[in-house]
């Protein structure tokens with residue numbers, strides 16, 4: 001009995017806290033949760049789509065609490081109105097579960113995890129920031145995303161893109177990714193098909209877009225490693241389709257992703273049958289010296305890539321076909 005009398009000062013508060021949390025969880029107003037989710041998604045959408053598309057509209061069919069500090073959203077739609085030149089676009093999510101880590105909130109940092117079902121695939125993320133709100137950890141795993149169902153992509157590049165995408169990102173840093181980040185990134189696209197449509201070209205080019213037929217892309221494989229803020233390609237190739245390519249690319253990360261610097265060189269080639277059957281391609285390969293040389297040679301067109309992620313600046317250069325061999329990994333001798 002003496003033990004029970006002593007334990008009551010622990011048991012009573014504990015029972016009260018448990019019932020308080022359960023009651024709060026069950027009675028938490030869904031209108032507040034919905035408003036918070038819609039505001040968060042709207043802010044994210046404003047940062048992704050071009051400003052010319054206008055203000056996005058977010059709709060959520062059903063929402064509920066998930067794992068105490070998270071939310072479970074079903075049938076989410078983010079839509080942008082039509083413009084004078086472009087039809088309306090939308091981004092649809094079957095199910096989105098996201099939560100904030102409670103321990104991170106108490107320490108001033110943030111840990112956000114999400115599980116998303118969309119376009120036939122699954123995407124899981126784990127994002128961490130420090131007390132200064134700087135990204136220090138980024139984990140993404142996407143599997144079996146059907147790009148052909150995403151009309152959002154066509155609005156960005158001007159032509160439909162099909163294929164099954166798998167992506168793995170594992171990056172971490174002590175202070176920030178652009179300074180001491182390390183990790184790996186791998187991407188795989190199978191059954192790739194591009195077009196037909198009007199491919200939007202970078203702002204630095206002479207024409208805003210170019211008409212392209214349907215092009216088989218085959219398989220795209222890319223592997224990157226991050227070390228001290230530089231993301232370097234270990235392999236980046238496109239093979240098995242009408243368009244083949246190989247690229248060596250270095251991305252120097254900036255604090256703002258769009259300002260990350262690009263430095264790369266590589267080549268691409270189009271099947272002669274595709275070039276001869278398309279009037280636009282035939283004209284370009286007859287008029288542009290680098291393309292004409294490729295047409296009369298091995299078919300490879302060299303190019304150099306500069307600029308930034310937000311404003312890439314490619315230019316044709318025949319010397320880029322003769323790329324240097326990939327760097328061999330350096331061995332660290334034991335102490």
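The values are calculated or read from the model by the stated rules, or taken from the named source; none is laboratory data. Since we're looking at a predicted model, the values are computed, not measured. Methodologically, a virtual Cβ is constructed for each residue, glycine included, from the backbone with ideal geometry; neighbour enumeration extends over all protein chains shown.
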query: Is it the case that some residue within the range 52-60 is assigned to a strand (DSSP E or B), out of contact with any helix residue (DSSP H, G or I) (no Cβ under 7 Å at 6 or more places or on another chain) and over 19 Å from residue 113 (Cα atoms)?
result: yes
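So which of 170, 151, 180 is within 18 Å of residue 88 (Cα to Cα) and surrounded by fewer than 19 Cβ atoms within 10 Å (Cβ to Cβ)? I'd like the intermediate steps shown before the answer.
Details: 170 fails: within 18 Å of residue 88 (Cα to Cα); 180 fails: within 18 Å of residue 88 (Cα to Cα).
Step by step, each of 170, 151, 180 is checked, and only 151 is within 18 Å of residue 88 (Cα to Cα) and surrounded by fewer than 19 Cβ atoms within 10 Å (Cβ to Cβ).
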task: Could you pull out the residue among 154, 162, 214, 132 that is out of contact with any helix residue (DSSP H, G or I) (no Cβ under 7 Å at 6 or more places or on another chain) and either closer than 22 Å to residue 264 by Cβ or touching a residue at least 24 places away in the same chain (Cβ under 8 Å) (or both)?
output: 154
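Looking at this structure, is residue 320 part of a helix (DSSP H, G or I) and within 29 Å of the chain's Cα centre (by Cα)?
Details: part of a helix (DSSP H, G or I): yes; within 29 Å of the chain's Cα centre (by Cα): yes.
Judged against the criteria, residue 320 is a match.
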statement: Those residues of the range 42-87 that are at pLDDT 85 or above and touching a strand residue (DSSP E or B) at 6+ places or on another chain (Cβ under 7 Å) come to a total of 20
- prompt: Is the range 94-117 home to any residue that is modelled with pLDDT of 85 or more, farther than 23 Å from residue 224 by Cα and part of a loop (DSSP other than H, G, I, E, B)?
  reply: no
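Quick one: is residue 214 at pLDDT below 95 and either touching a strand residue (DSSP E or B) at 6+ places or on another chain (Cβ under 6 Å) or more than 30 Å from residue 283 (Cβ to Cβ) (or both)?
Numbers: at pLDDT below 95: yes; either touching a strand residue (DSSP E or B) at 6+ places or on another chain (Cβ under 6 Å) or more than 30 Å from residue 283 (Cβ to Cβ) (or both): no.
So residue 214 fails the test.
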- prompt: Conditions: (1) under 24 Å from residue 320 (Cβ atoms); (2) free of Cβ contacts under 8 Å to residues at least 40 places away in the same chain. Residue 262 meets all but one. Number of the miss?
  reply: (2)
query: Where residues in the range 255-299 are touching a strand residue (DSSP E or B) at 6+ places or on another chain (Cβ under 7 Å) and over 27 Å from residue 196 (Cβ atoms), which of them is modelled with the lowest pLDDT?
result: 258
- line: residue 174 vs (1) part of a loop (DSSP other than H, G, I, E, B); (2) touching a helix residue (DSSP H, G or I) at 6+ places or on another chain (Cβ under 8 Å); (3) closer than 21 Å to residue 267 by Cβ: all pass except (3)
